[in-house]
Amino acid sequence: MNPGSEPRPGAEHSTDPYLPGHGNGGYRVRRYELELDYRIGPNRLGGRAVISAVAEHGLTRFSLDLADLRVAAVLVDGAPAKYQHRNGKLAIRPGAAIAAGSGFRVEVRYGGRPRPVRGRWGDIGWDELTDGALVASQPIGAPSWFPCNDHPADKASYRITLTTASAYAVVVTGDLLSRHRTPGGTTWVFERAEPTATYLMSVQIGRYVDLDLGGTEVPQRAAVPPRLTRLAQHDLGRHDLIMQTLQRFFGPYPFTEYVLVVADDDLDDPIEAQGISVFGANHLDGRRTHERLVVHELAHQWFGNSLTIADWRHIWLNEGFATYAEWLWSEATGGPTADDLARTWHTRLSLLPADFVLADPGVARMFDERVYKRGGLVLHALRRQIGDKPFFAILRSWAAENRHATVTTSAFIALAERNALADLTDFFRAWLWEPPLPHPEF
């Protein structure tokens, strides 16, 4: 063995500066295969997870994120492994060291009553509905229902097999491969081939009917409670136009289909997952009051899902872009222009404390409204500074060149300067790295 190649322990914490307790060092996941059995009444989940990974260096131990579910067995490459499960970490010691660069498979058998993970943003993850279940995992909820390397940069493919009562419809992140009745209910099998972050995997279970939302290039549908069908047909009636409009601005939709789920319970905010967005019953009112949120969540399929941030410091690349999509939609459909909306939000933000930097807002401000709106203002100010043609070329290039990859603020700046053929150092320093709000002409 060469000097320095001896197996080293895997880190039980990631290097994420905001959420060091989520994510694990020493390996990269390539694929998750989950077999799940869910009993709705008692809220009981039985699971078998097979995780295919590659060691980044020699490993004598490694860890996965898993919250409150009980672990029954752990195998590494088919052999029983020692493990310890506490404080949201499943620490695993295989019988033999794993060499650097080697692929290995971890099987975890587990079960119990899933519940959300508690965090500074409330309860996040697998949650019971009045009649069914919902998974909303951003940013730390994935370990509430499967063992994983819970970091946005470790994207993998998935196959999920889920069995539940036949009276319920199931929507899972991925393409439906099969559905068949079994003695225990109905088994649904989904495949997500595109690299996907753990927090963007979702399971939705409810008494839903399907509504076709149109779309010749991209199939679009909604899963809604029967009682909300009429409202959904109206409020989501322009969805294919929204899809066409965003594709004109951002380029081709990055997945095979898009599903909107409307839960039969009220939700505080909509939730995006890969290829799915989830709304509450309260987001339908027959007046399209919340259509901007429909636009916002669809925009995340490009910015947040296909392009996933390397760590949570870069959250403005998700929320600023989705906010600006709302403004572009308004402008394209005869509502207030992007100039109008930029002026409105600039005035509002100017009245609030300028006590953070957008490119690194801090964990407490990851979902602060100022991150969303100042992020939108950055993009509009860039558009005004360089002109529409190079600006929209930047958006399309950004989406195309980083399709299904991870992104950072510095990479966006480099791409913007390359496409604008201009030095934008002072512009981005003022908007992204200095707390005072710039005062451009809109």
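What residue, among those in the range 75-105 that are under 24 Å from the mean Cα position of the chain (by Cα) and closer than 18 Å to VAL29 by Cα, is surrounded by the fewest Cβ atoms within 10 Å (Cβ to Cβ)?
LYS89
Give just the number: which of (1) assigned to a strand (DSSP E or B); (2) in contact with a helix residue (DSSP H, G or I) (Cβ under 8 Å, 6 or more places away or on another chain) does ASP68 not satisfy?
Just one mismatch for ASP68, condition (1).
What are the pairs, 6+ residues apart or on separate chains, where a residue within the range 375-394 that is more than 13 Å from PHE250 (Cα to Cα) has its Cβ under 7 Å from a residue that is crowded, with 22+ Cβ neighbours inside 10 Å and among the acidic types (Asp, Glu)?
Short answer, once both residue conditions are applied: GLY375/GLU319.
GLY334 versus (1) in a loop (DSSP other than H, G, I, E, B); (2) closer than 26 Å to ASP210 by Cα: which is the lone unmet condition?
Only one criterion in (1) in a loop (DSSP other than H, G, I, E, B); (2) closer than 26 Å to ASP210 by Cα is unmet by GLY334, namely (2).
So, in the range 111-126, of the ones that are more than 21 Å from GLU35 (Cβ to Cβ) and of a type in the set (D, E, K, R), which residue ends up surrounded by the fewest Cβ atoms within 10 Å (Cβ to Cβ)?
ARG120
Is it the case that some residue within the range 232-243 is modelled with pLDDT of 95 or more, in contact with a Lys or Arg (Cβ under 6 Å, 6 or more places away or on another chain) and part of a helix (DSSP H, G or I)?
Yes, some residue in the range 232-243 is modelled with pLDDT of 95 or more, in contact with a Lys or Arg (Cβ under 6 Å, 6 or more places away or on another chain) and part of a helix (DSSP H, G or I).
Have a look at THR425, THR406 and point out the one that is in contact with a strand residue (DSSP E or B) (Cβ under 6 Å, 6 or more places away or on another chain) and of a type outside the set (Asp, Glu).
THR406
Taking the range 16-69 as the region of interest, how many residues are over 23 Å from GLY111 (Cα atoms), among the hydrophobic types (A, V, I, L, M, F, W, C) and in the same structural domain as LEU134 (by TED's automatic domain parsing)?
The total comes to 3.
Run down PHE356, PHE367 and say which single residue is under 22 Å from the mean Cα position of the chain (by Cα) and surrounded by 15 or more Cβ atoms within 10 Å (Cβ to Cβ).
PHE367
Kindly indicate whether any position in the range 372-394 is under 29 Å from ASP150 (Cα atoms), within 26 Å of the chain's Cα centre (by Cα) and small (Gly, Ala, Ser).
Yes: the range 372-394 contains one or more residues that are under 29 Å from ASP150 (Cα atoms), within 26 Å of the chain's Cα centre (by Cα) and small (Gly, Ala, Ser).
Scan the range 259-282 and tell me whether some residue there is closer than 16 Å to LEU228 by Cα, touching a residue at least 12 places away in the same chain (Cβ under 8 Å), touching a strand residue (DSSP E or B) at 6+ places or on another chain (Cβ under 8 Å) and charged (D, E, K, R).
Yes, that holds for at least one residue.
Counting only residues that are surrounded by fewer than 16 Cβ atoms within 10 Å (Cβ to Cβ) and closer than 13 Å to ARG384 by Cβ, which one in the range 423-442 is modelled with the lowest pLDDT?
That would be GLU441.
Evaluate the following for GLY320: is it outside any helix (DSSP H, G or I) and at pLDDT 95 or above?
In short, no.
Report whether or not THR245 is surrounded by fewer than 18 Cβ atoms within 10 Å (Cβ to Cβ), β-branched (Val, Ile, Thr), more than 25 Å from TRP126 (Cβ to Cβ) and not assigned by TED's automatic domain parsing to the domain that holds SER166.
Against the criterion (surrounded by fewer than 18 Cβ atoms within 10 Å (Cβ to Cβ), β-branched (Val, Ile, Thr), more than 25 Å from TRP126 (Cβ to Cβ) and not assigned by TED's automatic domain parsing to the domain that holds SER166), THR245 does not qualify.
So which strands (runs of 3 or more DSSP E) stay within the range 109-227 end to end and still have 1 or more residues that are touching a strand residue (DSSP E or B) at 6+ places or on another chain (Cβ under 7 Å) and over 23 Å from ALA53 (Cβ atoms)?
122-129, 132-136, 156-164, 169-172, 175-182, 185-196, 203-206, 209-212, 220-224
Has the range 246-256 got at least one residue that is in contact with a Phe, Trp or Tyr (Cβ under 7 Å, 6 or more places away or on another chain), of a type in the set (A, V, I, L, M) and within 22 Å of TRP327 (Cα to Cα)?
no
Restricting attention to the range 195-210, which residues are surrounded by fewer than 20 Cβ atoms within 10 Å (Cβ to Cβ) and among the hydrophobic types (A, V, I, L, M, F, W, C)?
Once the filter is applied, which keeps residues that are surrounded by fewer than 20 Cβ atoms within 10 Å (Cβ to Cβ) and among the hydrophobic types (A, V, I, L, M, F, W, C), the range 195-210 yields only VAL209.
In this structure, is LEU176 surrounded by fewer than 17 Cβ atoms within 10 Å (Cβ to Cβ), in the same structural domain as LEU129 (by TED's automatic domain parsing) and at pLDDT 95 or above?
Answer is yes for this residue.
Which one is farthest from VAL295 (Cα to Cα) among residues in the range 331-356 that are touching a Leu at 6+ places or on another chain (Cβ under 7 Å) and either of a type in the set (A, V, I, L, M) or without any contact (Cβ under 8 Å) to a residue 40 or more places away in the chain (or both)?
ALA354
Collect the residues in the range 52-74 that are surrounded by 18 or more Cβ atoms within 10 Å (Cβ to Cβ) and either among the aromatic types (Phe, Trp, Tyr) or in contact with an Asp or Glu (Cβ under 8 Å, 6 or more places away or on another chain) (or both), keeping them in residue-number order.
GLY58, PHE62, SER63, ASP65, VAL74
Filter the range 288-311 for residues that are assigned to a loop (DSSP other than H, G, I, E, B) and under 16 Å from the mean Cα position of the chain (by Cα); which is surrounded by the most Cβ atoms within 10 Å (Cβ to Cβ)?
Once the filter is applied, the top-ranked residue is TRP302.
Looking at the range 85-109 only, could you name the residues that are touching a His at 6+ places or on another chain (Cβ under 9 Å) and closer than 30 Å to VAL278 by Cα?
GLY88, LYS89, listed by residue number.
The values are calculated or read from the model by the stated rules, or taken from the named source; none is laboratory data. Just so it is clear, the model here is predicted, and its values are computed rather than measured. Here Cβ is always computed from backbone atoms with ideal geometry, including for glycine, and neighbour counts include all displayed protein chains.
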